[in-house]
1. Only one of (1) at pLDDT below 95; (2) within 13 Å of D172 (Cβ to Cβ) is not met by L111, so which one is it?
2. When the residues of the stretch 146-173 are filtered to those that are assigned to a helix (DSSP H, G or I) and small (G, A, S), which remaining residue is surrounded by the fewest Cβ atoms within 10 Å (Cβ to Cβ)?
3. Among the candidates G68, G79, which residue alone is buried (at least 19 other Cβ atoms within 10 Å of the Cβ) and on the phi > 0 side of the Ramachandran plot?
4. Could you tell me whether the stretch 303-326 includes any residue that is at pLDDT 90 or above and either in the same structural domain as K198 (by TED's automatic domain parsing) or over 22 Å from L366 (Cβ atoms) (or both)?
5. Does A53 satisfy being outside any helix (DSSP H, G or I) and within 20 Å of the chain's Cα centre (by Cα)?
6. Run down L55, L24 and say which single residue is over 21 Å from K185 (Cα atoms) and either in contact (Cβ under 8 Å) with a residue 60 or more places away in the chain or surrounded by fewer than 15 Cβ atoms within 10 Å (Cβ to Cβ) (or both).
7. Restricting to the stretch 216-234, give me the number of residues that are assigned to a loop (DSSP other than H, G, I, E, B) and touching a residue at least 60 places away in the same chain (Cβ under 8 Å).
8. Of all residues being buried (at least 17 other Cβ atoms within 10 Å of the Cβ) and among the acidic types (D, E) in the stretch 230-268, which is nearest to G38 (Cα to Cα)? Just the residue, please.
Amino acid sequence: MIYLDNAASTQIHEDVLSSMMPYLKEQYGNASSIHRYGRMARKAIEKSRKQIASLINADPSEILITSGGTESNNTVFQGISKNAESNKIITSSIEHDAVLEPCKKLSQKGLEIEYLPVNQFGMVDPSELKKHISENTCLVSIMFGNNEIGTVQKISELAKICNDQKIPFHTDAIQAIGKIPIDVKELGIDLLSISSHKLHGPKGIGALYIRNGIQIDPVILGGGQEDGLRSGTENVANIVGFGKACEIAKNDLSQNMEHVTKLRDMLIEKVTHEIPEVTLNGDPKSRLPNNAHFTFLGVNGEDLIIKLDEYGIAASTGSACSVNTQKASHVLQAMGFSHEQITGSLRLTLGIFNNENEIEQTVESLKKIVKELRSFSPFKEKYSFT
């Protein structure tokens, strides 16, 4: 198989798996216990917290361990809004459902939610945020890099607008962490969500960066773990794996960026020049190094995925989290795409374990598949497809 769905999940790194094994077999103590087993588990967690913090230039005390990106995002929205005197939240129209669904729930409880528009490349204009931000805004949340089209937002500009108004700025950085450099202090970020399985760590673990001084109410109550912000017995093995994945991502960031960007550019060049009636979606320059999102006119994206799978290639049309809803991409709709453009979309996301030979094979397979699907397309009279 050729795996090109790294935005959905990544292969666990061998060194990550090795780091986890002792805490699944020998060191199985509860980190809240005061005996040796418990102390060793606690020490391992705090080491991991330092590794996670180091990746984004945060203080370890600013890292809240969660079960993943969805919980991190929900913690922000529920934790900030609980006792906020202000009643308005600003986000964008192309956020992940882990942001949009909490916003929907909060709007039902009476909070005002404003959704900033994006341009045809999926970019938020900072001037739009300036127009909408006000003294009754309690939170602004704009994702770092989009999970479907790969567009990277102007985070430092957006954060500065919020910093100047003393309004907390949150970013869902789940797709960006470990792929591009992120310094929360330099960028002025107050809150940032991370998920382990997007950077070659285990599933079911993540983190929320909370800048010192930002007040968050706990969402999960119980025994008081994570300084009372997230109760529940810690998943030590997964936390250790997550920390190791962050350490590897930091140490190998430059070479991984270079490798993946080269493959992405090769893929984009070949697909757009060797297959007719295909366009690249998202910002052509400000995009994640591993993301290539296309529209193949006259082809159904789901048919493409099924045929690619038959050729041994794993791909997707967009967010794996919303595949069961059977709804058109809200991201592409927000960008002004037609129904035909949306249904013909395909997302190919690369990882550190991919190589040039796989790109060659994928493009050759795509050429055959697209030609076959277009031979009986209802749009074949509309386009030349030659």
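1. (2)
2. Going through the qualifying residues, I end up with S156.
3. G68 is the lone residue from the list that is buried (at least 19 other Cβ atoms within 10 Å of the Cβ) and on the phi > 0 side of the Ramachandran plot.
4. Looking for residues that are at pLDDT 90 or above and either in the same structural domain as K198 (by TED's automatic domain parsing) or over 22 Å from L366 (Cβ atoms) (or both), one finds none in the stretch 303-326, hence no.
5. Here the answer is no, as A53 does not meet what is asked.
6. Values: L55 fails: over 21 Å from K185 (Cα atoms).
Just a single option satisfies the conditions, and that option is L24.
7. So the first thing to find is which residues in the stretch 216-234 are assigned to a loop (DSSP other than H, G, I, E, B), and the list is 216-219, 221-225, 229, 231-234.
Remaining after also requiring touching a residue at least 60 places away in the same chain (Cβ under 8 Å): 216-219, 223, 225, 229, 233-234.
Summing the residues that are assigned to a loop (DSSP other than H, G, I, E, B) and touching a residue at least 60 places away in the same chain (Cβ under 8 Å) in the stretch 216-234 gives 9.
8. E234
The values are calculated or read from the model by the stated rules, or taken from the named source; none is laboratory data. Computed from a predicted structure; not experimentally measured. Note that we place each Cβ from the backbone using ideal geometry, even for glycine, and neighbour counts take in every protein chain shown.
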